[in-house]
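Note sheet for the following structure.
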Number of protein chains: 2
Amino acid sequence: MRAKISDIAKIAGLSTASISRVLNNQGGYSKETAKRVMKIANDLGYFKDRSASDLARRSNNTIGVIYTDFETNFNDLVIKNIMIEAKKRHLDVILMIAQQNDPDGLTKIVQGMIERRVFAVQFISTHPSPQIIQMLNQAAIFPQVIGDATDHTVSYVSSDDMAIGYHATTYLIEKGYRSIGFVSPNITTDYVSHLRFSGYRKSLKEHGISFKSDWLFEESYSYQTGIHASAHYQKYGDVDAVIGVSDEVSWGLLNGFYDLNVSVPSDIALISIDGTELCSQTRPRLTSVTQDFALMGKTAIKQAPKKADPHRVTAVTIPFKINIRETS
Amino acid sequence: MRAKISDIAKIAGLSTASISRVLNNQGGYSKETAKRVMKIANDLGYFKDRSASDLARRSNNTIGVIYTDFETNFNDLVIKNIMIEAKKRHLDVILMIAQQNDPDGLTKIVQGMIERRVFAVQFISTHPSPQIIQMLNQAAIFPQVIGDATDHTVSYVSSDDMAIGYHATTYLIEKGYRSIGFVSPNITTDYVSHLRFSGYRKSLKEHGISFKSDWLFEESYSYQTGIHASAHYQKYGDVDAVIGVSDEVSWGLLNGFYDLNVSVPSDIALISIDGTELCSQTRPRLTSVTQDFALMGKTAIKQAPKKADPHRVTAVTIPFKINIRETS
DNA sequence: CTGAAAGCGCTTACAG
DNA sequence: CTGAAAGCGCTTACAG
């Protein structure tokens, strides 16, 4: 049987209360007893039972993180920094993965988080539905969306996606390109794409360029989408530069053009959005709008209210920059 | 306040026992009551408290998965399939990430798993130390290592790494290459590399090729290692083919050679080990020994004993194959 | 510095 | 079909 506090108490000749105190070093006991208790606990291979502990102290310092096995690859960086920052603050993190396009699955996962009484749940590259947000609010759990400002009733940490689209486009225009493609998921369905596309349109307009519908290729955030889009542009070919809405898409574009003997950047220039490590790992290297995913992760943890605070909605915008590499 | 079972009981005019039964649909009540209870629970926004539940039922069907934010990219696939298989079996999974080269951190994380009373913990691309294994065994938790057969006192699911090294090498030799490089982490420190290297040596020997120490480049599993190795081979240059011990390494090799104007495969051929999606996303595409990571994940879940079984050590070997693409 | 006691929210024999 | 009661392993006022 697993050792419990009462076993230690018996051996030490103390009450369970005392044992609990030293185990949680709450002070109010002699160094002596402390040492003795710790030794016994150790000999017994004692480990606290979290369920019992959480239940008794009716509080919980763990935070839930939900992400999808997405086509994009920036999750890792965000999560890594969430972990680092959480450790600093002595918060526990539990991760769960949602399958893409499986709303029921997401709901299940969120239920699991609620049952575990986490004090906040963070969604990375996932769109929690209004119902899910409501569930969470009702359960007095703080919901946060990371990397996506989909809904202003929820706190979020993300880049200014409109500005990203705007600056990517402006950069290209100032380099002299006039016919600029845009590859993304469906711009009415996907909010991030919608924002970036709006910024793109805004820049075109400001520069007196009229948008042609063939310039837009809608599919997903994936590598394959980039491949497909490259064929599209070759076919309808008046484009001299393309914006890929994720590094994966841009990588697909790059390889797709390569396979079609279209030279990048001499025939068609490319700029990617995200700017993960991948951009330096392609040949030629991808010029990108680079988001600060590390900062996003850290900020998300800081944003989570320490206790069961009032659920103020807070929105934090993370700065981005442009990294000029070799594709434009 | 959050609704609890007693709140439902009060409203329904029933005992908490009955509520518990219908909530867990254990049968032994009328459809009537069931419906009524469910409705009340719903109206109240009731969610079970896992801590209380786990504590009371002294059992736990959750499994812990620990992985590192590693340089290699196959984790995702393994984890994804762990999740899928776990869901089928109605097991809960909780994920935790260990930082690389942080043994204390790993110990902390394992402690967390023990405190949470998971019934098994799976290590992906992580070397649990003997002490950690001992902790787990003592806590009656089933330890499993995935993708790495480091220690025969622990159950594992992995490929036959010796055979992988052997076949990769033999493939190259049969293609006519005679001077074959091998890039990996330290082969005495890293057990997987050790095994693969042994297979490599065995094949060389069988084919009457004598190994030269310049053929071996030891560093890590990362992309950068591939870059570094390419410079090494260009300098000591009698090699006509190279084995990269991970897809990341091979990608680095490919790009490194490209930057140095060494043509792949005409000047130097390449074969990668792992065979993730990445291999089709490089130009030229990487020929690879392809491991079945999806099967590994599934198998790992199947291997975990349903209950607190006797801790038999089981070892499962997953088949691999060779995918010929463009680099050799 | 230490202990007796109540309680956290559930589950499960046991009895009817 | 339903309930009273004990118990899961901890924590925390309260009292000394």
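The values are calculated or read from the model by the stated rules, or taken from the named source; none is laboratory data. Small disclaimer: the values here were computed from a predicted structure and weren't measured. Using ideal geometry, Cβ is built from the backbone for each residue, glycine included, and neighbour counts are taken over all protein chains shown. Just the protein is used for accessible areas: all its heavy atoms, side chains included, with ligands, DNA and RNA removed. Shrake-Rupley method; radii C 1.70, N 1.55, O 1.52, S 1.80 Å.
Computed from phi, the 3J(HN,Hα) profile of the range B:288-296 under the Karplus parametrisation 6.51, -1.76, 1.60 (θ = phi - 60°) reads 8, 7, 9, 8, 9, 5, 4, 4, 4 Hz, with x in place of Gly and Pro. Summed over the residues of the range B:5-56 and divided among them, the accessible surface reaches 59 Å² per residue at a probe radius of 1.4 Å. How much of the calculated P(r) for chain A lies past 35 Å, in percent of all Cα pairs? The share of Cα pairs beyond 35 Å in chain A comes to 37 percent.
For B:Leu95, the amide hydrogen comes within under 5 Å of the amide hydrogens of A:Leu95, B:Val65, counting only partners 5 or more places away or on other chains and with H modelled in the peptide plane.
Summing both sides, the accessible surface hidden between B and A at a 1.4 Å probe radius is close to 4300 Å². Contact-buried residues of the range B:133-156, at a threshold of 30 Å² lost accessible area versus the chain by itself: B:Gln138, B:Ala139 (1.4 Å probe; DNA, RNA and ligands ignored).
For A:Glu219, nonlocal amide neighbours, meaning residues 5 or more places apart or on other chains whose placed amide H falls under 5 Å from its own, are A:Ser184, A:Asn186. Along the range B:241-255 the Karplus relation, 6.51 cos²θ - 1.76 cosθ + 1.60 evaluated at θ = phi - 60°, assigns HN-Hα couplings of 7, 9, 9, x, 6, 8, 5, 5, 4, 5, 5, x, 4, 4, 5 Hz to successive residues, with x for each Gly and Pro.
In this structure the range B:187-328 gives 43 Å² per residue of accessible area when probed at 1.4 Å with all protein chains present.
Take the Cα radius of gyration of the range A:5-55 and divide it by 2.2 N^0.38 Å, N being the number of residues; the result is 1.05. The accessible-area loss of the range A:53-90 on complex formation, taken against its chain alone with a 1.4 Å probe, reaches 40 Å² or more at A:Leu55, A:Lys80, A:Met83. Its Cα gyration tensor gives the protein assembly as shown an equivalent ellipsoid; the semi-axes, largest first and in whole Å, are 46, 36, 21. Note on B:277-285: average number of Cβ atoms from other chains within 10 Å of each residue's Cβ is 3. Taking Cβ atoms as reference points and 12 Å as the exclusive limit, the residues near B:Leu172 contribute a net charge of 0, counting Lys and Arg as +1 and Asp and Glu as -1. Counting only other chain Cβ atoms within 10 Å of each residue's Cβ, the peptide B:43-51 averages 6.
Couplings 3J(HN,Hα) for the range A:218-232, derived from phi with the Karplus relation 6.51 cos²θ - 1.76 cosθ + 1.60 (θ = phi - 60°), are 10, 7, 7, 8, 8, 3, 4, 4, x, 4, 4, 5, 4, 5, 4 Hz, where x marks Gly and Pro.
Ignoring any ligand, DNA or RNA, what whole percent of the accessible area of chain B comes from carbon and sulfur when the probe is 1.4 angstrom? C and S atoms contribute 51 percent here. Could you state the number of Å between the C-alpha centres of the range A:246-308 and the range A:62-114? A separation of 21 Å, based on Cα centres.
The amide H of A:Ile322, built 1.01 Å from its N in the peptide plane, has A:Thr290 as neighbours under 5 Å, considering only residues 5 or more places off or on other chains.
The alpha-carbon atoms of the range A:161-293, seen along their principal axes, cover 34, 33, 28 angstrom, with the largest extent given first.
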